[in-house]
Amino acid sequence: MKTRTWILLFTALAAVCLLCSYFIFFGGTSGTTATVASDGVTVMTLDLSADGEYRIVSDYGVNTIRVADGRVSVVYADCPTQDCVRHAPSNSGAPIVCLPNRLVITFSSSEEFDAIIG
């Protein structure tokens, strides 16, 4: 192939990757609630409009979750990796996960649609 074709192909691939990254990290509407599940079982549903701090104790470990300014963060975990504690406060996008403690925080909004007809 010619050099011009390779440059065009690479540019198109880079644009697709950037667009996908944008929607993963910034896309969608911010959630209005967060669901906290421990070992696949829903422990609580958090209203992101009400600030507070919650302690989740399970057979696998202890996590402390903070809701502040409409965002959720894990402020304490007794697991060795501490990945969930280093995760930035969030209200949408990818879930916050603590694998050793089997804790998952997902976000939802009342504005989400199952299907659009028409």
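General remarks:
- Accessible surface of SER21 - all protein chains present, 1.4 Å probe, nearest 10 Å²: 50 Å²
- With θ taken as phi - 60° and the Karplus curve 6.51 cos²θ - 1.76 cosθ + 1.60 applied, the whole-hertz 3J(HN,Hα) list for region 52-61 is x, 10, 10, 10, 10, 10, 9, 5, 9, x Hz, x standing for glycine and proline.
- Couplings for region 4-12, taken from phi via the Karplus curve 6.51 cos²θ - 1.76 cosθ + 1.60 with θ = phi - 60°, read 4, 5, 5, 5, 5, 5, 5, 5, 5 Hz in order; Gly and Pro are left as x.
- With 10 Å bins from 0: P(r) over region 31-77, alpha-carbon pairs, percent: 28, 57, 15, 0
- Full extension of the segment from THR64 to SER21, taken as 0.36 nm per residue of separation minus the current Cα-Cα distance, would add 12.6 nm.
The values are calculated or read from the model by the stated rules, or taken from the named source; none is laboratory data. Keep in mind the model is a prediction, meaning the values are calculated, not measured. Ligands, DNA and RNA are excluded from the accessible area calculation, which covers all protein heavy atoms including side chains. Shrake-Rupley method; radii C 1.70, N 1.55, O 1.52, S 1.80 Å.
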